[in-house]
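Worksheet: the structure to be examined is printed underneath.
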Amino acid sequence: MSAGKDKKGKKDAPIIIVHEDKTTQAPEEEEEIVEEVEIPEIPKPGEPAWEYTNLAFPNDLKITLATFWENAEEVYGEDFKQVFFLKRLILNAIMPFVNYVKEHMSVYITRPDDQQLYIREFQRTYNEFDDDIRNDEEFKAEIHCRINEMKEKLIEICDRRMMEAEKERCEVISKNWAPKQFVELVNDYINGLQLELDRYVDSLQLLGDYYTGVVSKMPNEDSIKKDQLPKLDINNVQVAEGINSMFQYVDDELGLNPLKPMVDDIVLKARDYIEKVQGMAGAIMKKVRGLFAPEGKGKKKPPKPKKDKKGKGNILTLFEPDDAVKQAADKIFDEWSCAIRGETVRARLRLELLKFDLFSNLDEIVNITQQTFHRLYEEIHTRYRNEVNSVNTACLVLSRAVEEEIAVQEELFLKDGRFYIDPDSILFTDKIPPAKPLAEYESSEVFTIVDLDKLTDVLFDLAPSGYITQRCFLYLIQDLIITDDCFIRIPETWRKLQPGEVTRLFQQLFDDLEYTQWKDFILYNFMTPFPNDDELIQMRQQFREYDPDSTELITDYQFLSTDLWFETIEDEIRAKLMKKLLFKLYRVRNDKLNYTAMLLDLSKDDNAVAGLGKALGVSLGRAVCWDKDVGEQFITETLDRRRKHEEMVRIRNEERRENVEMAEDILTDLIDHTVHVCDSVVIEDLDVVPDYEINDYDVQEPEGEHDFVMDYREMMGEGEESDYGFTNTAISFEVAAAPSCVFLTL
């Protein structure tokens with residue numbers, strides 16, 4: 001046989017000739033090379049190269065469809081915001097619930113019991129026996145029996161505590177708070193699934209109306225009905241029991257969350273509904289496609305309207321598409337079909353995403369809650385084992401003491417599930433009456449320093465800077481007055497005050513100021529007179545000795561070692577507490593006190609001018625005269641002393657002048673006598689010496705004040721008289737007294 005050719009001229013493949021048992025292969029012929037021509041692929045709907053139809057469309061229908069889609073998108077977005085907000089609320093409530101359960105169970109597990117009473121009573125009774133009987137075998141056997149009995153009682157207490165704690169854990173679980181939250185979360189996600197289905201239906205409805213309008217210039221008459229997904233009952237007992245069993249039983253394997261099968265059923269219903277809606281959208285598209293009759297010979301007859309199940313005719317059959325629509329018919333239906341498939345894929349994907357996110361969040365919160373209750377179970381049993389071991393250890397210690405025939409002087413403790421021996425707590429056979437603790441004397445009229453200390457802690461929390469609004473402070477004091485069971489004891493006299501009286505008291509103490517320094521209220525309630533000028537200056541000097549660098553800060557031990565003005569009161573305990581409270585009020589760091597701020601706050605007086613004088617005295621370090629009467633008395637005394645001094649100087653000058661004149665007369669007589677005795681001597685008249693110039697005052701100025709006196713003389717003029725009729729020359733007693741006193745003129 002020979003090889004043949006196909007229609008295009010290509011040669012056939014080589015033919016193999018078979019003769020009985022021999023095989024002969026014909027020689028291969030060279031094949032002709034044919035170049036392949038790439039045929040461009042036709043783009044499909046949804047691809048970038050696809051050109052969408054742009055046919056004429058009624059404007060009214062355009063506006064209607066655009067408005068419909070905008071409303072659908074707005075509803076979709078706003079409703080999903082609400083869904084996500086509710087989701088956050090539910091998830092954010094889980095951790096506070098978990099923390100509450102932990103705190104509640106921790107307090108319940110560690111509540112006190114009677115174990116310490118049993119072991120203390122047994123130890124006290126055992127130590128009361130004499131040492132002579134401890135070596136008796138029968139005594140030892142009896143004590144061992146008593147130890148075993150006590151051990152059984154203590155273990156019974158441990159068992160009871162463990163069972164009560166486990167019962168409390170189960171009661172917390174049985175309140176069904178967690179299952180209700182989980183069901184609410186599932187229902188919230190079901191709302192999200194419903195929103196996705198509604199948007200899917202709206203999208204397909206919009207597509208049907210749009211393409212029907214493109215073909216027939218009118219909207220589609222068929223509408224797609226929306227179905228509602230079922231939600232879970234929040235009070236479903238079976239669901240609650242299934243979830244609670246996951247929390248309650250620790251030894252069992254982790255069971256399936258009963259909510260997941262329910263969610264799977266609901267998601268399956270949503271998928272079935274998507275398939276149903278997709279079929280309805282396909283039916284609408286098929287009905288519109290029926291308007292395009294196949295081309296045939298002859299003139300086309302007008303179609304008759306079809307009857308539906310209710311007997312109504314299909315109006316679309318009365319319209320015939322125009323030529324442009326007929327030419328783009330295939331393209332229109334390809335786009336329509338692609339859009340339906342795209343929306344269907346999107347809806348399915350969104351359902352899967354919501355389901356995945358729901359299972360993720362549900363697993364997280366279920367695991368957190370489950371781990372919390374399981375850890376509580378482990379904590380309860382760990383505590384039980386520790387308590388049992390502590391009981392065994394305590395009984396073992398007592399048994400060894402019995403065998404060694406000794407008394408147990410150190411007290412044994414069973415506390416917080418631990419056993420330990422306190423070497424500082426020694427037991428004695430004779431009961432020693434406890435010493436009465438030193439306490440501050442309580443009065444029905446004044447606050448105790450302990451209560452003021454508690455009030456200080458409250459005010460530091462409210463206003464750490466020391467300033468608080470007067471209204472807020474007033475309300476706080478009024479609340480403390482009317483509160484019966486308050487941790488701060490209010491004196492009975494204060495409790496009798498009416499709200500109006502308290503308001504007037506605050507106005508008298510702090511005036512009508514918006515902000516008040518609450519530390520003044522504490523100082524006023526010390527019920528101790530404020531220090532005077534000398535006491536303030538003395539305290540300032542003591543503090544400055546501890547502060548050579550003038551930092552205005554001293555340590556706590558330096559402050560406590562300083563004598564304050566109120567330490568002379570009879571109640572020594574109150575004085576010590578007042579000192580500690582003062583340190584707390586003006587403490588700037590852990591161990592530093594600002595003594596300047598304290599002294600300025602203590603510079604108070606019934607007279608405002610006197611208080612200002614005290615404050616200036618603290619700032620200057622010396623007393624300030626603020627009393628007008630005292631100042632006028634000082635001026636009067638100074639003027640009187642100056643007047644007496646001027647009079648003494650005048651008398652002394654007159655005596656000096658008389659002595660000079662007397663000396664001149666004596667000298668003249670001597671000269672005249674000499675002239676008469678000596679005849680040959682020529683005597684000429686001498687110029688009369690002027691009166692002896694005497695300085696007004698022969699006063700030596702004290703050292704250190706020369707500049708002050710010279711400046712004063714230069715200002716006033718040397719030797720000039722002042723307003724009081726005196727010269728302006730400095731006098732020794734005035735210069736000495738000038739720098740030691742400061743006068744305050746208001």
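The values are calculated or read from the model by the stated rules, or taken from the named source; none is laboratory data. Keep in mind it's a predicted model, so treat the numbers as computed, not measured. Positions of Cβ are generated from backbone atoms using ideal geometry, with glycine treated the same way; all protein chains shown enter the neighbour counts. SASA here: full protein model, heavy atoms, side chains in, ligands and nucleic acids out. Shrake-Rupley method; radii C 1.70, N 1.55, O 1.52, S 1.80 Å.
Output the direction-averaged projected area (hull surface divided by four) of the convex hull of the alpha-carbon atoms of the stretch 443-501, in nm².
Working: hull surface 16.7 nm².
With the hull built on Cα positions only, its mean projection is 4.2 nm².
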Query raised in the report: Hey, if you put +1 on the Cβ of every Lys and Arg and -1 on every Asp and Glu Cβ in the stretch 346-402, which of Ser360, Thr393, Ile380 ends up farthest toward the positive end of that dipole?
Result: Ser360
**Report entry** Nitroxide proxy distance, nm - points 7 Å out along Cα→Cβ at Leu396 and Leu349
**Finding:** 6.8 nm
Query raised in the report: Hey, what's the stretch 133-205 come to in accessible area per residue, 1.4 Å probe, Å²?
Result: 43 Å²
Report summary line: With bins of 5 Å, the percent of all Cα-Cα pairs of the stretch 530-624 per bin from 0 is 2, 14, 25, 24, 20, 11, 3, 0
Query raised in the report: Accessible area, 1.4 Å probe, largest first: how do Cys678, Cys395 sort?
Result: Cys678, Cys395
Report summary line: At R0 = 25 Å the Cβ-Cβ FRET efficiency linking Val75 and Ile234, nearest 0.05, sits at 0.45
Query raised in the report: Within the stretch 358-394, what residues put their amide N at less than 15 Å from the label point 7 Å along the Cα-to-Cβ vector of His104?
Result: 369-370, 372-374, 376-377
Report summary line: The extension gain from Asp629 to Val250, computed as 0.36 nm times the residue separation minus the Cα-Cα distance, is 127.4 nm
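Based on the Cβ-Cβ distance from Arg650 to Ala608, what FRET efficiency comes out when R0 is 51 Å, to the nearest 0.05?
So, using R0 = 51 Å, E works out to roughly 0.65.
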**Report entry** Stretch gain in nm, segment Glu152-Asp591, where the contour uses 0.36 nm per residue and the Cα spacing is subtracted
**Finding:** 152.8 nm
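Report, in debye and to the nearest 20, how large the dipole of the stretch 490-546 comes out about its Cα centre when Lys and Arg carry +1 and Asp and Glu carry -1 on their Cβ. Don't jump to the answer; show the numbers that get you there.
Working: 6 positive and 10 negative charges, 48 e Å.
Result for the stretch 490-546 is approximately 240 debye, rounded to the nearest 20.
Give me the one-decimal Kirkwood hydrodynamic radius in Å for the stretch 467-618, with the sum taken over alpha-carbon pairs. Intermediate results must be reported in sequence, preceding the final value.
On the way: mean 1/r = 0.0583 Å⁻¹.
That comes to 17.2 Å for the stretch 467-618.
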Query raised in the report: In whole Å, how far is the Cα centre of the stretch 471-502 from that of the stretch 511-561?
Result: 27 Å
**Report entry** Whole-Å distance, taken between Cα centres, linking the stretch 115-193 and the stretch 637-655
**Finding:** 101 Å
Query - In Å, descending, principal axis extents of the Cα set of the stretch 89-182 - result: 74, 17, 12
Report task. Let me know the shape class of the stretch 35-143, please: from the alpha-carbon gyration tensor, a ≥ b ≥ c as square roots of the eigenvalues, rounded when a/c is under 1.5, otherwise prolate if a/b is greater than b/c, or oblate. Result -> oblate
Query raised in the report: With each label point set 7 Å from Cα along the Cα-Cβ vector, what nm distance links Glu572 and Asp640?
Result: 4.8 nm
Report task. Give, in nm to one decimal, the length gained when the segment between Arg489 and Leu620 is fully stretched (0.36 nm per residue of separation minus the Cα-Cα distance). Result -> 43.1 nm
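About the Cα centre of the stretch 496-603, how large is the charge dipole given +1 on each Lys and Arg Cβ and -1 on each Asp and Glu Cβ? Please answer in debye to the nearest 20.
Values: 13 positive and 20 negative charges, 97 e Å.
Computed about the Cα centre, the dipole is about 460 debye.
Write out the trypsin sites (Lys or Arg not before Pro) in the stretch 561-642 meeting two conditions: DSSP loop, and at most 11 other Cβ atoms within 10 Å of their Cβ. Can you show the working numbers first?
Working: sites: Arg574, Lys576, Lys579, Lys580, Lys584, Arg587, Arg589, Lys592, Lys604, Lys614, Arg622, Lys628, Arg641, Arg642; in loops: Arg589, Lys604, Arg622.
Those satisfying the criteria are Arg589.
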